[in-house]
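Worksheet for the structure shown next.
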């Protein structure tokens with residue numbers, strides 16, 4: 001019986017691996033993000049971008065109905081100007097990003113948030129800027145970080161990872177006869193010990209790519225440090241690092257100090273242009 005269960009588990013693993021491919025979504029850049037990624041062949045970049053476009057249209061439609069979409073033309077212009085410079089710099093990591101259908105909108109909300117969906121759909125909430133009193137350099141750090149998630153296709157990687165986890169956990173529970181309880185426990189275990197560290201890895205990659213995008217666009221990469229210090233003081237990254245999807249404020253600051261210094265020559269070069 002044990003051999004039969006092991007064989008069945010091996011077949012599940014083989015089937016899962018057969019449906020994955022190893023990809024390198026971006027160039028390494030000066031900061032050297034060169035980790036290869038495993039993507040499910042069942043989740044395509046085009047499919048995610050299509051879904052993102054639909055979701056983005058829906059979210060912006062809701063904001064428009066509330067009268068909160070781009071309600072402050074000056075602030076919208078500021079966000080779009082910074083975003084456009086970062087988008088132009090993104091070719092250093094992904095030349096094909098120039099062909100994305102980029103959209104940048106500002107939503108009037110007290111929420112301290114910003115995001116960039118697959119394919120370059122960006123939203124910035126006014127609370128992020130007003131509550132933290134962000135400078136242009138700090139806003140560039142936020143936008144560069146969010147754009148980096150899209151360039152690295154972190155959403156697709158996470159979706160592939162979760163799909164793979166569901167297949168493996170479900171297959172293992174069937175083989176071992178544990179039932180739904182084993183499946184639920186497996187999901188909790190996976191999320192705590194594998195999912196969260198991988199999310200922190202994505203955050204670190206986005207931090208590092210973000211500072212290089214900012215530097216190449218002519219924004220001081222050291223502003224990323226003051227940005228996350230402000231975020232920490234506002235409670236944006238509280239809680240123990242072990243159970244967080246984001247690095248602790250101390251870990252993040254130390255890493256940003258190293259990588260901001262590494263891309264300073266790019267910043268100085270961009271300023272001279």
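Every number in this text was worked out from the coordinates using simple rules, so none of it is lab data. Bear in mind the structure is a predicted one, so any value in this text is a computation, not a measurement. Cβ placement follows ideal geometry from the backbone for every residue including glycine, while neighbour counts extend to all protein chains displayed.
Here are some notes:
- Among 116, 20, a tally of other beta-carbon atoms within 10 Å of each Cβ gives an order, fewest to most, of 20, 116.
- Residues 219, 125, sorted so that the one with the fewest Cβ neighbours within 10 Å comes first: 125, 219
- Three-way shape call for region 12-114 based on the alpha-carbon gyration tensor, with the a/c threshold at 1.5: oblate
- Region 124-161 and region 201-220: distance between their alpha carbon centers, rounded to Å: 10
- Distance (nanometres) between label positions extended 7 Å along Cα→Cβ at residue 88 and residue 46: 3.1
- Here each label is just a point 7 Å from Cα along the line to Cβ, and for residue 201 and residue 163 those points are 1.8 nm apart.
- Cα gyration tensor shape of region 76-159, rounded if a/c is under 1.5, else prolate or oblate by comparing a/b with b/c: prolate
- Modelled FRET efficiency - R0 35 Å, residue 264 with residue 64, Cβ distances, 0.05 increments: 0.30
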